[in-house]
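Working notes, structure below.
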Amino acid sequence: SSSQSVKLTKLSNLDSGICEVSLDRPEARNAIGKDMLCGLQHTLEALNKDSSVNALMVSSSVPKVFCAGADLKEKRRMSPSEMQEFITALRSTFFDFERLQIPTIAAIEGIALGGGLEMALSCDIRICGEDAVLGLPETGLAILPGAGGTQRLPRLVGISIAKEIIFTGRKIKGIDANSLGLVNFCVPSGQARAKALEIARSINEKGPLAIRMAKQAIDRGIEVNMEEALAVEEECFEKLVHTKDRLEGLAAFAEKRKPRYTGE
Ligand code: CO8
């Protein structure tokens, strides 16, 4: 990537098929400015071109910080139109994140505030460490969580909880985030990435096309009524019926061995 503050790594050997995007801007607590946004966009382009990737981990290289949100210093220097442009780009970047065909898993250690939490909300799965601090403090800055927060949070935790979290801007500790359903797992501090990797590995063993179709079926289905949703499921299922991998799965079961999927 062209950006200093975002690193994309392809894992190797047994973990080939897993990628990791890591935020690395320690001096600003991984705040998202134009450079990081650019890096995220390049990362998405690279991932969309690479069909060998089956799962993505989203993490931070900075200890005790996932992401402190939008870059508040950079924003202060922006004109209203620059600010509009930035938020539009941020919103569409997180949308593209959500629409990646492959599962995305955020590993959150420490701070995940504002745009930082909104980025994690656009992932499929979230893991946090016990000392994680999550929140949407935007209303305290006289704005609202404008990069998907007001839409993704209520879908995840329910309307009333989301309202309370957004209206008060309160900071939520890891264990509480887990009991609210805001994260899938809360693990001892320092182990979020390991847990994310464990999940990525499990995904990476499955039929690659099946995983993509399952994600698509869930995400498209949730937006429409049940009848249409079941048609979406059928359409996604249909794409798997004629695959080599489906036959390989049945053969592996019969031969009592692990399947070797190729994505065909
Ligand atoms: N932007 C820019 N710089 C930051 C940010 C940030 N969001 N957060 C921290 N920094 C910088 C600090 O300014 C400081 O820099 P310096 O050393 O030059 O003074 C450095 O990082 C270290 O910060 P602290 O000394 O404060 O470190 P602590 O460990 O004590 O605290 C915190 C870390 C808790 C992250 C604290 O810095 C903090 O509260 N930061 C602000 C968090 C926040 O309010 N985030 C929400 C931002 S709003 C948002 O994301 C909206 C997105 C959607 C709308 C977009 C509209 C355009």
Here, Leu247 and Asp131, labelled 7 Å along Cα→Cβ, have an inter-label distance in nm of 5.4
Around Pro137, under 10 Å between beta carbons, what's the net of Lys plus Arg minus Asp minus Glu among the other residues?
+1
With Cα coordinates, the longest principal axis of the chain makes an angle with the long axis of helix 192-204, in degrees rounded to 10, of 30
Could you compute the net charge surrounding Gln191? Neighbours are other residues with a C-beta less than 13 Å from the C-beta of Gln191; K and R count +1, D and E count -1.
-2
Please compute the net charge surrounding Leu8, taking Lys and Arg as +1 and Asp and Glu as -1 over other residues with Cβ under 14 Å from its Cβ.
-1
Please name which of Thr262, Leu40, Gly110 has its Cα lying farthest along the dipole of the chain towards the positive end, using unit charges on Cβ (Lys, Arg +1; Asp, Glu -1) and the Cα centre as origin.
Gly110
Could you line up Arg126, Arg193 from fewest to most neighbouring Cβ atoms inside 10 Å?
Arg193, Arg126
Treating only Lys and Arg (+1) and Asp and Glu (-1) as charged, each at its beta carbon, one finds that the chain has a dipole about its Cα centre, in Debye to the nearest 20, of 600
Mean Cβ-within-10 Å packing, highest first, puts peptides 251-258, 50-57 in the order 50-57, 251-258
Only Cα pairs within less than 10 Å get springs; with that Gaussian network setup on the chain, which residue of Pro208, Pro80, Pro63 has the largest fluctuation?
Pro80
Quick check for me: using +1 on Lys/Arg Cβ and -1 on Asp/Glu Cβ, what's the dipole size of the stretch 208-254 about its Cα centre, in debye to the nearest 20?
320
Sorted peptide list for 224-236, 37-49, criterion being average Cβ within 10 angstrom, highest first:
37-49, 224-236
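Coordinate-derived values only; no laboratory data. Owing to the predicted nature of the structure, the values given are computational and were not obtained by experimental measurement. Cβ atoms come from the backbone with ideal geometry, glycine included; neighbour counts cover every protein chain shown.
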